[in-house]
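Undergrad: Below is one structure. I have some questions about it.
The values are calculated or read from the model by the stated rules, or taken from the named source; none is laboratory data. Remember, it's a predicted structure, so these values are computed and weren't measured experimentally. Here the Cβ positions follow ideal geometry from the backbone for every residue, glycine too, while neighbour counts run over all protein chains shown. Note: areas computed on protein heavy atoms with side chains; ligands, DNA, RNA excluded. Shrake-Rupley method; radii C 1.70, N 1.55, O 1.52, S 1.80 Å.
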Amino acid sequence: MMTACTISLTSCSLKSGKELPPIGKSVALFDFFYYKGNDDFYKDNPLPDENCFYNPILPGWYSDPSICTNGEDYFLVTSTFTYYPGVPIFHSKDLVNWKQIGNILNRPSQLVNMDGQDVSGGIFAPAISYNPQNKTYYMVTTNVGAGNFFVKTQNPFGEWSDPIMLPEVGGIDPSFFFDEDGKAYIVNNDDAPDNKPEYSGHRTIRIQEFDVKTDRTVGPRKILVNKGVSPEKKPIWIEGPHMYKINGKYFLMSAEGGTSTGHSEVIFRGDSPMGPFKPWEKNPILTQRDLDDKRINPVTCAGHADLIQTKEGDWWAVFLACRPINNTFENLGRETFLMPVKWSKDGFPYMTKAHETVPLILKRENVKRDSITTFGNFEKNELFDSSTLGLEWMTLRSAAAGLYSLTETPGYLTLKCSGVSSKEKKTPAFICRRIQHHKFECSTRMLFNPVGDSEKAGILLFKDETHQYFFCMKNVKGQRSVALIQIGEKDDKELTVMPVDNEMKAICLKVVSRGSTFDFYYSSDTDDWKLLCKDVDAGYLSTNMAGGFTGTTIGMYGIK
């Protein structure tokens, strides 16, 4: 741990040779934000050669992955729920080396009615597709507060259109299918027939034709799948559908079993996009639900997949899964994994057979791993020396306009303490990034003069509106103090508070995660890190405790 602390302290002293800038009223300045992964698996299992890579390819909360190709480039998107900007888009030339190139929903006009939705509302399961007929990329998704819509572009590295609503398409999880004959379709998860479910989780997969020229659905809507693979067993939550045409046959692939440990992926085949579709007798084609709960390095909740054929002709799948600590809990959320697709003798694709595990190390022949990757124990040091935030940074529900600035005090992020709490379903003064490792270190230096006893600023670990840890500087009856506050549904709990020098204007804050617990340190810009609180329960921020569809985020937060 001392090595990691030394690295952080180097960052903490980056601007110490310069005179500190003035600090405005109700404002906190941050001059860097450092994050470093320290997971044991990566340290204990180095990659054997340059053609190998780690799963997940996008660690941390990157759920509901969808992928497309134009024949040369690959593009991948994931869910963001009520975070802003929405739907990160990644680019790759080889499926192994990925780089985020933007966020598709990066304007307020594309993310409407987000206020009032909890963190697991908002944008569900984006699906990205490429139509070679008009050389256009489409991203279609659900905004829980507004309905289903799509955006499009001919340049995925640039801007996307404003939303085009799909009022005839109900339910969630829409996805485009562009057939070879020029026709287009939308498949989606929808209500039970006649809106009369026979049991909880009874859903359908439906299809409707789509007119590319008018950007509207046409013709009747049709149910392709009712309930799921084995209706007599009352399967739950058939969802996240994708359609493909392979070797003259149409394949309909969907998730089934809910988003927890019963999650799976199933497949159907037919002779027409309008059906009928027959399930494969050896479904599911991907799951981890039949494995020993005591296995080492478990991968759980696998499902919600999308298939892609490479320019070399082989097939791969992206999908979501979780990596719980000792099969108990995780704070990382549902992550993006990559696996090769195999084909059965009777012509069906699959990723795992019964009792097969999702591998954490894979190889793609003839593809070399870059020196900078999205996986493994990477580190990032944001110096706030640009006029815009990096692509990995997010806010809640809107762009947080007026709550922060990168130009007001050059070289610092200026965060204005807001009267909006992180417990509210609004936009607080919270600038955050995903937690991507079980074990990690995160630190920052903050300049802050709290006014009164209500103003606070520092580092917030945020799972949802009622499960948070706030590591902050505040006043306690006129005494400047550093504190750790557990934020909950009802009363917040001050776990620890420690007085500091009233003249201290710059303070370093550091969070060290040891997987199942957090340790919190502070420093006055010296080598002398002081422990504020040790062995704080990380499970409080887990999906196991809080529920929901997101992982934990961490970042800078101010409240007054």
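Undergrad: Of the conditions (1) within 23 Å of Ile89 (Cβ to Cβ); (2) in contact with a Phe, Trp or Tyr (Cβ under 8 Å, 6 or more places away or on another chain); (3) of a type in the set (Phe, Trp, Tyr), Tyr412 satisfies every one except a single condition; which number is it?
TA: If we test Tyr412 against (1) within 23 Å of Ile89 (Cβ to Cβ); (2) in contact with a Phe, Trp or Tyr (Cβ under 8 Å, 6 or more places away or on another chain); (3) of a type in the set (Phe, Trp, Tyr), just (1) comes out false.
Undergrad: Continuing with this model, one more query. When the range 519-560 is examined, which residues are found to be in contact with a helix residue (DSSP H, G or I) (Cβ under 6 Å, 6 or more places away or on another chain) and farther than 25 Å from Leu413 by Cα?
TA: Passing the criteria: Gly539, Met545.
Undergrad: So which residues in the range 465-495 are of a type in the set (Gly, Ala, Ser) and assigned to a strand (DSSP E or B), if there are any at all?
TA: Ser481, Ala483
Undergrad: For residues in the range 242-258 being out of contact with any Pro (no Cβ under 9 Å at 6 or more places or on another chain) and outside any loop (DSSP other than H, G, I, E, B), which is nearest to Thr352 (Cα to Cα)?
TA: It comes out as His242.
Undergrad: Kindly indicate whether Glu424 is open to solvent by 30 Å² or more (accessible area, probe 1.4 Å) and part of a loop (DSSP other than H, G, I, E, B).
TA: Answer is yes for this residue.
Undergrad: Ok, one more. List the strands (runs of 3 or more DSSP E) that sit entirely inside the range 165-236 and contain at least 2 residues that are open to solvent by 10 Å² or more (accessible area, probe 1.4 Å) and farther than 22 Å from Gly121 by Cα.
TA: 172-178, 204-211, 216-226
Undergrad: Considering only the range 84-106, how many residues are outside any strand (DSSP E or B) and either under 15 Å from the mean Cα position of the chain (by Cα) or crowded, with 16+ Cβ neighbours inside 10 Å (or both)?
TA: Number satisfying all stated conditions: 7.
Undergrad: Can I ask one more? In the range 402-451, which residues are under 12 Å from Ile559 (Cβ atoms), more than 24 Å from the chain's Cα centre (by Cα) and of a type in the set (Gly, Ala, Ser)?
TA: Ser418, Gly419
Undergrad: Same structure, new question: Quick test of your reading of the structure: Glu330 fulfils all but one of (1) within 19 Å of the chain's Cα centre (by Cα); (2) open to solvent by 30 Å² or more (accessible area, probe 1.4 Å). Name the failing condition by number.
TA: So the condition that Glu330 fails would be (2).
Undergrad: I would also like to ask the following. Among the residues of the range 63-81, is any of a type outside the set (Lys, Arg), open to solvent by 10 Å² or more (accessible area, probe 1.4 Å), at pLDDT 95 or above and within 22 Å of Cys442 (Cα to Cα)?
TA: no
Undergrad: Scan the strands (runs of 3 or more DSSP E) fully inside the range 496-560 and keep the ones with 2 or more residues being of a type in the set (A, V, I, L, M).
TA: 506-514, 530-537, 553-559
Undergrad: Which pairs do you get when a residue that is closer than 19 Å to Pro428 by Cα, found in the range 384-410, comes within reach of a residue that is at pLDDT below 95 and in a loop (DSSP other than H, G, I, E, B), reach meaning Cβ atoms under 6 angstrom, with the pair 6+ apart or on two chains?
TA: Sorted first by the residue in the range 384-410, then by its partner, the pairs are Leu406/Ser387.
Undergrad: Then there's this: Among the residues of the range 257-272, write down those that are among the polar types (S, T, N, Q), farther than 20 Å from Ile186 by Cβ and either in contact with a Phe, Trp or Tyr (Cβ under 8 Å, 6 or more places away or on another chain) or at pLDDT 95 or above (or both).
TA: Once the filter is applied, which keeps residues that are among the polar types (S, T, N, Q), farther than 20 Å from Ile186 by Cβ and either in contact with a Phe, Trp or Tyr (Cβ under 8 Å, 6 or more places away or on another chain) or at pLDDT 95 or above (or both), the range 257-272 yields Thr259, Ser264.
Undergrad: Within the range 107-121, which residues are open to solvent by less than 30 Å² (accessible area, probe 1.4 Å) and either touching a residue at least 60 places away in the same chain (Cβ under 8 Å) or aromatic (Phe, Trp, Tyr) (or both)?
TA: Those that are open to solvent by less than 30 Å² (accessible area, probe 1.4 Å) and either touching a residue at least 60 places away in the same chain (Cβ under 8 Å) or aromatic (Phe, Trp, Tyr) (or both): Leu111, Met114, Gln117, Val119, Ser120.
Undergrad: Okay, moving on. With the requirement that a residue be under 21 Å from the mean Cα position of the chain (by Cα) and of a type in the set (Val, Ile, Thr), what does the range 134-191 give you?
TA: Across the range 134-191, the qualifying residues are Val140, Thr141, Thr142, Val144, Val151, Ile172.
Undergrad: Find the residue count for the range 29-71, including only residues that are part of a loop (DSSP other than H, G, I, E, B) and under 17 Å from the mean Cα position of the chain (by Cα).
TA: 10
Undergrad: Taking the conditions exactly as written (part of a loop (DSSP other than H, G, I, E, B) and exposed (fewer than 13 other Cβ atoms within 10 Å of the Cβ)), does Pro284 satisfy them or not?
TA: no
Undergrad: A further question on this structure: Kindly establish whether Leu413 is touching a Ser or Thr at 6+ places or on another chain (Cβ under 8 Å), more than 17 Å from Lys510 (Cα to Cα), at pLDDT 95 or above and not small (Gly, Ala, Ser).
TA: For Leu413, the condition - touching a Ser or Thr at 6+ places or on another chain (Cβ under 8 Å), more than 17 Å from Lys510 (Cα to Cα), at pLDDT 95 or above and not small (Gly, Ala, Ser) - is met.
Undergrad: Determine whether the range 259-273 contains at least one residue that is open to solvent by 60 Å² or more (accessible area, probe 1.4 Å) and in a strand (DSSP E or B).
TA: Yes, there is a match, as at least one residue in the range 259-273 is open to solvent by 60 Å² or more (accessible area, probe 1.4 Å) and in a strand (DSSP E or B).
Undergrad: Only one of Leu320, Leu332 is under 24 Å from Asp39 (Cα atoms), at pLDDT 95 or above, in contact with a Gly (Cβ under 6 Å, 6 or more places away or on another chain) and of a type outside the set (Asp, Glu); which?
TA: Leu332
Undergrad: For the condition under 24 Å from Ser120 (Cβ atoms), touching a residue at least 12 places away in the same chain (Cβ under 8 Å) and open to solvent by less than 50 Å² (accessible area, probe 1.4 Å), what is the one hit in Leu484, Leu532, Leu447, Leu460?
TA: Answer to the check: Leu460.
Undergrad: Return the total of residues in the range 345-385 being open to solvent by less than 30 Å² (accessible area, probe 1.4 Å) and either more than 23 Å from Phe53 (Cβ to Cβ) or modelled with pLDDT under 95 (or both).
TA: 3
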